[in-house]
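Scroll down for the structure; my scribbles are underneath it.
The values are calculated or read from the model by the stated rules, or taken from the named source; none is laboratory data. Everything quoted here is computed from the prediction, not taken from an experiment. Note: ideal-geometry Cβ built from the backbone for every residue, glycine included; neighbour counts use all protein chains shown.
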Amino acid sequence: MARAGRGSDQFPLRLPDGMRDRIKESAEAAGRSMNAEIVLRLESSFRSDKADPRRLDVRERGSEVNAEVLEHLGRLVQLLTPKED
């Protein structure tokens, strides 16, 4: 399990243009750091996955975890990407 704070596991991430600004605005509006905002949104997506009985416990899937993390990051990008009218 990752430790909280600067000793936590780190993951470099490329964001689409404008995404960083949207994360920053959302975090500031909620009184959170950008990191806390991203983690909160990822945790929320994992909680919604628990309702899906087809998913196995992460510890049982081993190498599939990386693919799932990328999938959740993709969902985060979708949530934070402005919708075109």
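When the stretch 1-34 is limited to residues that are of a type in the set (Ser, Thr, Tyr) and modelled with pLDDT of 90 or more, the one that is surrounded by the most Cβ atoms within 10 Å (Cβ to Cβ) turns out to be SER26. If you scan the stretch 35-72, which residues turn out to be of a type in the set (Gly, Ala, Ser), modelled with pLDDT of 75 or more and within 15 Å of PHE11 (Cα to Cα)? Residue satisfying the conditions is ALA36 alone.
When the stretch 10-43 is examined, which residues are found to be of a type in the set (A, V, I, L, M) and in contact (Cβ under 8 Å) with a residue 60 or more places away in the chain? Hits for the stretch 10-43 are LEU13, LEU15, MET19.
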